1. Hey, can you find the accessible area per residue of the chain for me, probe 1.4 Å, expressed in square angstrom?
2. In a Debye calculation with equal point scatterers on the alpha-carbon sites of region 183-243 and no solvent, what is log10 I(q)/I(0) at q = 0.12, 0.14, 0.17, 0.23 Å⁻¹?
3. More than 15 Å apart: what percent of Cα pairs in region 218-323 qualify?
4. Ignoring everything except DSSP H segments at least 4 long, calculate the 222 nm mean residue ellipticity for the chain; use -39,500 (n - 2.57) per segment, divide by total residues, nearest 500.
5. May I ask for log10 I(q)/I(0) of region 382-441 at q = 0.14, 0.17, 0.18 Å⁻¹, from a Debye sum over the Cα atoms as equal point scatterers with solvent left out?
6. Using a 10 Å Cβ count of at most 16 others and DSSP loop calls, identify the longest part of the chain lacking such chymotrypsin sites (Phe, Trp or Tyr not before Pro).
7. Which whole-angstrom value gives the distance between the alpha carbon centres of region 76-94 and region 147-200?
8. Kirkwood-based Rg over Rh for region 63-116 (C-alpha set), two decimals?
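The values are calculated or read from the model by the stated rules, or taken from the named source; none is laboratory data. In this text the structure is predicted, and so the values were computed from the model without any measurement. Heads up, the Cβs are rebuilt from the backbone with ideal geometry, glycines too, and the neighbour counts pull from every protein chain shown. Ligands, DNA and RNA are excluded from the accessible area calculation, which covers all protein heavy atoms including side chains. Shrake-Rupley method; radii C 1.70, N 1.55, O 1.52, S 1.80 Å.
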Amino acid sequence: MVTTGETTGTAGQGAAPGSGQVLVASNRGPVSYSPAADGSGGLTARRGGGGLVSGLSALGAEAGTWVCAALGEGDREAARRAAASGGTGLLDRTDTGGQAVRMLDIPAETFHAAYNGIANSVLWFVHHMLYQTPLEPVYDAAFEADWAHYERYNQAFADALAEEAAPGAAVLVQDYHLTLVPGLLRERRPDLRIGHFSHTPWAPVAGFRILPDPVARQVLLGMLGGDRAAFLTWRWAEAFAACCQTVLGAEVTDRGTELHLTHEGRTTRIGVHGLGADAGFLRERAHRPDVDERLAALRAQVGGRRTIVRVDRTELSKNIVRGLLAYRRLLTERPEWHDRVVHIAFAYPSRQDLAVYREYTAEVSRLAEEINSAFGTDTWTPVVLHVKDDFARSLAAYRMADVALVNPIRDGMNLVAKEIPVVSERGCALVLSREAGACAELGDDALVINPYDIAGTAHALHRALTMPQDERAERSKRLAAAATALPPQSWFLAQLKALRE
């Protein structure tokens, strides 16, 4: 086996044909950099986790280069130093846990336009159906300029992958940031096995066609340039197939475990891999001293009251505001819960460089304060809101959850819905949006809601709070089993196995 992380050059110089090498491409890589606190001019590396890190670590000698973008100035400086050092142009492996990582120093203007202007402000909005269509979107000259940058951003990834990949290597491209990469890479390296995985929902045909027709075609053709495209649920896979059929005239064939899409004489396979929670990691991490410390603080704050827990980023699709409105309705219509329940709401800031996200985060805080002002007493704070990211504190809340509220407008999967039942100490009732991908796997044992329905959500919260302990424990046990059926490492390896077949 050849690890091309040791070479750069076209077609992975020195690699044997049919190499078992695996490369990953994603916007965010497994490590990020910030200036050293001592002012020395050095850089401090911070490693991340997740399914891709876990999956690549299982490959051993097959693990090739992870290609990612520099997200900030610290990353850019690390990428420049790697490029200037001669040799491979890879980041220092002591920073990456031994993984070969090539971080692309894409011009800041191009990155910003591609990431914020297109990926997060157009494609994300289309797939999560977030547009207020009387006013938006407006596809004007500014959009066209941003789209040109998105094309250049995807081209930079395709060029880097073409240079890094050994002959016959497998390349797993991740998510909506890189929809054009499979087709661009196919043009450069037809010998490769190319897969694309979507971590978001996929829009229905009517929603997808909000995109300008040429852009809609370009996105679909880009993804069909791979050998295989995969999704978190069949709902999203079938929506993608319907878009290809309607927009491109592709032929769709159901092969049982896969769909086959044929367009202009070429077939792309479509599959599904539902990402599960990493039970071993969660349970071990949830009982470390820092979590115990935060758990004690939360229990002191909550007292002996029941808890409704949510943990989200202040992402528009997470529907935090309607969750708070439903909790307010519960307290209004069910006064028996006054001083008997606390809503622990962790809403960690997301994409604060976009005005609409800053405004949404402010509205979450305003509404929480309004509920506390209307219902709170000297000894009872109805909403405990935290807006500073703290993973240990999230795990502490998981442990004490009686009810988990997961009510997204749309969500590709939603791992929080899977993580809380795994960690909850007394077993929890799960109130779950029917628009979350996780509902396909957890719906039988959750209390399923329409995320737009405030009254229905409030009623589900009451049902969850009054659920008998033995029923709650049994449901929670089944939820945890379903949630961990395909842990991150298995999820990654299943994609790879299917791509190689």
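1. On a per-residue basis, 39 Å².
2. The calculated log intensity ratios at q = 0.12, 0.14, 0.17, 0.23 Å⁻¹ are -0.30, -0.41, -0.59, -0.97.
3. That tail contains 74 percent of the Cα-Cα pairs.
4. The helix contribution divided over the chain gives -12500 deg cm²/dmol.
5. Computed log10 I(q)/I(0) values: -0.40, -0.59, -0.66.
6. 140-379
7. So the separation of the two Cα centres works out to 21 Å.
8. 0.99
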